[in-house]
Protein chains: 2
Amino acid sequence: MRNQQDTIVIDALELSNWDRDFLTMLQQGGVTCVHACCGIWENARETLSKVGEWHRFFKENADLVLPVQQGDDIRRAKEEGKIGVVLGTQNTSPLEDELSLVSVFNKLGIKVMQLTYNNQNLVGSSCYEARDVGLSRYGKLVVQEMNRVGMVVDLSHVGEQTSLDAIHTSSRPVAITHANPDWIYPNKRNKPSEVLTALRDNGGVLGLCAYPHLVNGKETTLDEFCDMIVQTIDFMGIDQVGLGTDLTLNKSTEFLHWMRMGRWTHEMDYGAGSKENPSWPEWPSWFKTPADFPNIAQGLSDKGLSAEAINKVMGGNWLRFFTDGFKPEKGA
Amino acid sequence: MRNQQDTIVIDALELSNWDRDFLTMLQQGGVTCVHACCGIWENARETLSKVGEWHRFFKENADLVLPVQQGDDIRRAKEEGKIGVVLGTQNTSPLEDELSLVSVFNKLGIKVMQLTYNNQNLVGSSCYEARDVGLSRYGKLVVQEMNRVGMVVDLSHVGEQTSLDAIHTSSRPVAITHANPDWIYPNKRNKPSEVLTALRDNGGVLGLCAYPHLVNGKETTLDEFCDMIVQTIDFMGIDQVGLGTDLTLNKSTEFLHWMRMGRWTHEMDYGAGSKENPSWPEWPSWFKTPADFPNIAQGLSDKGLSAEAINKVMGGNWLRFFTDGFKPEKGA
């Protein structure tokens, strides 16, 4: 099955190697917009270089790519047949200890920030820390300032208490761009029902994730993945579920080690992997590249979802969420 | 004389202490827009903090101030009775050695960059170096990239050869936001006829400067200052002369030392001052604060300039120049 002509497909997280081949695969998959990871451990200065690299990428691929800073940019990408790119960081490390840098990076087009990556930071705790005492004093101010300027709060790798505190603090809906319910696939990176209940009540959106370590590895069938989607819709409602595949295509082992170990450890850390599965995971046969997005739409159709419901999951919910979430607060 | 109701007054450089009192003085002076100095020696990271401070200032004074990134913002400031603020840096130090940071700081709203402050840097030489070998290889690329994104090249403190090279390299008109003809007031910071001839031929604009060290000190009369304006119009033409007062109101001695000595020397350096005049200079009686702008309009009227000519000098020329100069190149 092809995506319907009018379907807006949005992937709420990818870390892949963005070259022309990759863009072609996104187009083949009918993808309209991707939230692309612009940093993991980078500080303020390093993030400037990353943004600079993206500017160059936008310039050199202007025939295929369009930077997204508001919902209308996503609609324009659809009209022009381009890939819209939302920049975000999977950490608040670019802010360092400086509250004013929230508006500075927002102005630079960083429209999503995950409060923590895999470690405790100035803002809160990650899902991998032994204890999570919740959002820090600074973290609370950061969430409020993100609300003010229209930068989306992402809780994907964030610890449970910090996530609950952030949802409680936030005056606006927040996102979990790439994680699954942990009662379906038990994993520290997946989310307990307490957090997803709070997300549901907050009006936020959950991006379900095909990253092999967060499901059942490459053996996971399309039917099983779509079964998770259906169960999650039952839990969250049809308007609060989307996709965030966490696709990591053609990235080096060096990058994998940077992703997991940054500069914070000299020992091997496996992140969502394990000693038995230390490398980049192999992806399931039905989702090897972004050209495979139509397989998911087909899988959902096979599960009996309506065209309208499929459109919401494939991108409609993220479109609504990003359109609202990227706007500054009134008067901001 | 008051400024005419429809006069747009633009000051192409001020470094003053931006508080509510200062904003009130700007309003009293009928000032529509100021190019405000957002950095002198600061590197990339430090400039982020400076931009963050300006964001906070814009937020806390939104009733009086409006950030300017394009010509229409200046017109909107006029309509709304607010002070438009163009951010710029008096150095390319924020770029460090990274060409991509031109577009990054442009996106952050740094719409003017002076190629050098008082010292040689990665881009070229200042007016105070013993030898100026001109624009560096990197400097040439920086000028071209500034042209592309619509960031104005400012040559105020820049050395003669570097200035001539920059004008030759630039595909667009450049600015000298704050300096005077050196044959009227001899000073290293003022500009020789070779540079002003090249600027004229390039279509650029010169902002004449009331900074006491660049004229005849506080004794300079309004008549003398306006005489310089008239002579400069004779040389440059009526469409290429504006004001760039370099007003530095209520800044500390600590800031004066930072401005002159940065981190590059442990010895006293006097910049445009001298051992005999080491402190902040005293300003002439007719230009003590920005509330005094109408005195200049009056002085020009007394010299016999037409209302149209006065409007061009007071802001019309900068309005045209900034409107064009802040636009990205077609296709950029």
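The values are calculated or read from the model by the stated rules, or taken from the named source; none is laboratory data. Just so it is clear, the structure is predicted and the values come from calculations on it, not from any experiment. Note that we place each Cβ from the backbone using ideal geometry, even for glycine, and neighbour counts take in every protein chain shown.
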Within the range B:31-86, restricting attention to residues that are assigned to a loop (DSSP other than H, G, I, E, B) and polar (S, T, N, Q), which residue is nearest to the other protein chains (Cβ to nearest Cβ)?
B:43
Being within 25 Å of residue A:155 (Cα to Cα), surrounded by 19 or more Cβ atoms within 10 Å (Cβ to Cβ) and either of a type in the set (Val, Ile, Thr) or touching a Phe, Trp or Tyr at 6+ places or on another chain (Cβ under 7 Å) (or both) is true for just one of A:54, A:41. Which residue is that?
A:41
Residue count for the range A:217-228, restricted to those that are within 17 Å of residue A:187 (Cα to Cα) and surrounded by 15 or more Cβ atoms within 10 Å (Cβ to Cβ):
4
Residues that are in contact with a helix residue (DSSP H, G or I) (Cβ under 6 Å, 6 or more places away or on another chain), under 23 Å from residue B:254 (Cα atoms) and surrounded by fewer than 17 Cβ atoms within 10 Å (Cβ to Cβ), drawn from the range B:282-311:
B:282
Read through the list (1) touching an Asp or Glu at 6+ places or on another chain (Cβ under 9 Å); (2) part of a loop (DSSP other than H, G, I, E, B); (3) not polar (S, T, N, Q), then give the number of the only condition that residue A:331 fails.
(1)
Those residues of the range A:185-212 that are touching a residue at least 40 places away in the same chain (Cβ under 8 Å), surrounded by fewer than 20 Cβ atoms within 10 Å (Cβ to Cβ) and assigned to a helix (DSSP H, G or I) come to a total of 2
Residues being in contact (Cβ under 8 Å) with a residue 40 or more places away in the chain and surrounded by 24 or more Cβ atoms within 10 Å (Cβ to Cβ) - total across the range A:119-128
2
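Does at least one position in the range A:175-184 carry a residue that is part of a helix (DSSP H, G or I) and at pLDDT 95 or above?
First pass over the range A:175-184, keeping only residues part of a helix (DSSP H, G or I): none.
No, that holds for no residue.
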Take the range B:105-116 and flag every residue that is within 14 Å of chain A (Cβ to nearest Cβ) and either within 14 Å of the chain's Cα centre (by Cα) or buried (at least 24 other Cβ atoms within 10 Å of the Cβ) (or both).
B:105, B:108, B:110, B:111
Do you know which of the residues in the range B:264-279 that are over 20 Å from residue B:187 (Cβ atoms) and not polar (S, T, N, Q) is surrounded by the fewest Cβ atoms within 10 Å (Cβ to Cβ)?
B:267
Among the residues of the range A:131-167, count how many are farther than 18 Å from residue A:199 by Cβ, assigned to a loop (DSSP other than H, G, I, E, B) and in contact with a helix residue (DSSP H, G or I) (Cβ under 7 Å, 6 or more places away or on another chain).
2
One residue is enough: does the range B:250-263 have a residue meeting the conditions exposed (fewer than 15 other Cβ atoms within 10 Å of the Cβ), of a type in the set (Val, Ile, Thr) and in a loop (DSSP other than H, G, I, E, B)?
no
Only one of A:93, A:100 is free of Cβ contacts under 8 Å to residues at least 24 places away in the same chain and within 14 Å of chain B (Cβ to nearest Cβ), namely A:100
